[in-house]
Amino acid sequence: MKYQSKDSLGFIVRDGDTLIRVENYIESKSPSVPYEYKDSTFLELYKKIAFQPIHKDSSNTKPMKYWKDDIRIYFSENMSKSVIRDVMEFAHKIDEEVDSLKITKVKKIEDSNYVIYYDTDYEYLNEIKNKKKSDYWISWNGKNQIERGYLRIVKSRMFSEKLTTQKIRELFFGTLGWFYLQDDLDCDNYVANCYSDSKHLTAIDLEILRYHYSYGICKRTSLKTFEAQHRQCKENLRKGLPAGRFIHPD
C-alpha cells in the first residue's frame, strides 16, 4: 500500500531515521517471518538451481516456482504396486523433511493435481504425449505457484521396475520447484544433471528443498530481486540491525 502526505500526522527524527506517523495504517493479517541467513556458497548453488535462465546471456531469470497447495498424486492403473510403494516412500521422506510441502496419494484422478503415468496408458496431456523420453510438465498461476503436474514415463525405455522408480523419483524432484539441474554436482544428488542408479536424497538435496520452501525468503521473485533482497538483509546484519522480515499474504 502507498500512503500519501495527507495520511501522515507528522514525523520525528530519531538516531538519523525519519519516523512517520500514519493515521490509516492497515496491518497485514499474514504473519511475518524473519530472514533466513545462508552463506554465500550455498546461495550461489541455490540460485543456479531455483532460477531458470531467460536465455543463455541474460543477467536475469524467470521467477522461481513452488507448490503452495498440497501435492495429490494419482498413479495410472498400470503402475505396479511396488513402483507406487517405492515412489511414495520417496515422497513421504520429502514430506517429513520439508516444511510447507505436503505430498499424498489419491485414488481418484478428480481428486488429484499431479498424475504419474506410462505413455502406453491414456495420454493425459497433449503437451508431452509425443516426447521420446520420459518427461514432466507443470503449470502455475499468475503468482508463480505450481498448480498441476504431469509425469509421463516412456515404458519401452524402462528395463526394470527399479529403473522406472528411479526415473520417476528423478523427474518428480525436478517438479518441486521447476529446478534447473546442475552438471557439476556428484551424480548421487537429485539436483545433479546426470544419471546414476545410486541417486538418493542427499544433504544437498534436502537443504535446497527446505530453503526453497522456507518462508524466510521472498517467494516468486526473479534472480535480480532475490539478490537485491539478500544484499539488503546482509547489509542490515553487518550494521548490527535486524536483517528484516518477510510477509507472505498468499
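The values are calculated or read from the model by the stated rules, or taken from the named source; none is laboratory data. Note that the structure is predicted; figures quoted are calculated from it, not measured. We place every Cβ from the backbone using ideal geometry, glycine too, and count neighbours over all the protein chains shown. Note: accessible area is taken over every heavy atom of the protein model, side chains too, but ligands, DNA and RNA are not part of it. Shrake-Rupley method; radii C 1.70, N 1.55, O 1.52, S 1.80 Å.
Modelled this way, with points 7 Å down the Cα-to-C-beta line, the labels at S59 and L181 are 3.1 nm from one another. Looking at the chain, the DSSP beta bridges with both ends there are about 50 percent antiparallel. With a Förster radius of 25 Å applied to the beta-carbon distance between S80 and A203, the computed FRET efficiency rounds to 0.25.
Determine, from the Cβ-Cβ distance of I109 and E161 and an R0 of 22 Å, the FRET efficiency 1/(1 + (r/R0)^6), rounded to the nearest 0.05.
Numbers: r = 22 Å, r/R0 = 1.02.
About 0.45, to the nearest 0.05.
Converting phi to 3J(HN,Hα) with the Karplus coefficients 6.51, -1.76 and 1.60 and the offset θ = phi - 60°, region 218-230 yields 7, 8, 6, 9, 7, 4, 4, 5, 4, 5, 5, 5, 5 Hz in sequence order, with x at every glycine or proline.
Computed from phi, the 3J(HN,Hα) profile of region 124-131 under the Karplus parametrisation 6.51, -1.76, 1.60 (θ = phi - 60°) reads 7, 8, 5, 4, 10, 5, 9, 5 Hz, with x in place of Gly and Pro. Under the simplified labelling scheme, the D135-N193 pair shows an inter-label distance of 1.5 nm, with each label point 7 Å from Cα along Cα→Cβ. A Förster radius of 22 Å combined with the Cβ-Cβ distance from E147 to R210 puts the calculated FRET efficiency at roughly 0.50. A cysteine counts as unpartnered when no other cysteine's C-beta lies under 4.7 Å of its own; in the chain this applies to C218, C233. Computed with every protein chain present, the accessible area of S134 is close to 20 Å² [probe 1.4 Å]. Legend: residue pairs K38/K81; K132/K162; K56/K81; K105/K224, Cα-Cα distance threshold 32 Å; pairs beyond threshold, K38/K81; K56/K81; K105/K224. The C-alpha atoms of the chain define a longest principal axis, and helix 40-50 lies at about 60 degrees to it.
Of all aspartates and glutamates in the structure, the ones whose alpha carbon falls short of 18 Å from that of K143, not counting any fewer than 8 places away in one chain, are D69, D70, D250.
Over the chain, Cα pairs under 8 Å with separation of 6+ residues give a relative contact order of 24 percent. Among the listed pairs K167/K199; K93/K129; K47/K133, which are separated by more than 21 Å between their Cα atoms? Pairs exceeding the cut-off: K93/K129; K47/K133.
Accessible area per residue for region 66-178 in Å², computed with a 1.4 Å probe and the full protein assembly in place, what is it? If you can, show how the numbers build up before the last one.
On the way: 5820 Å² over 113 residues.
Per residue, region 66-178 has 52 Å² of solvent-accessible surface.
Close amide-amide hydrogen proximity is noted between E147 and S139, W140, N141, each under 5 Å apart and 5 or more residues distant or on a separate chain (H modeled in the peptide plane; Pro and chain starts excluded).
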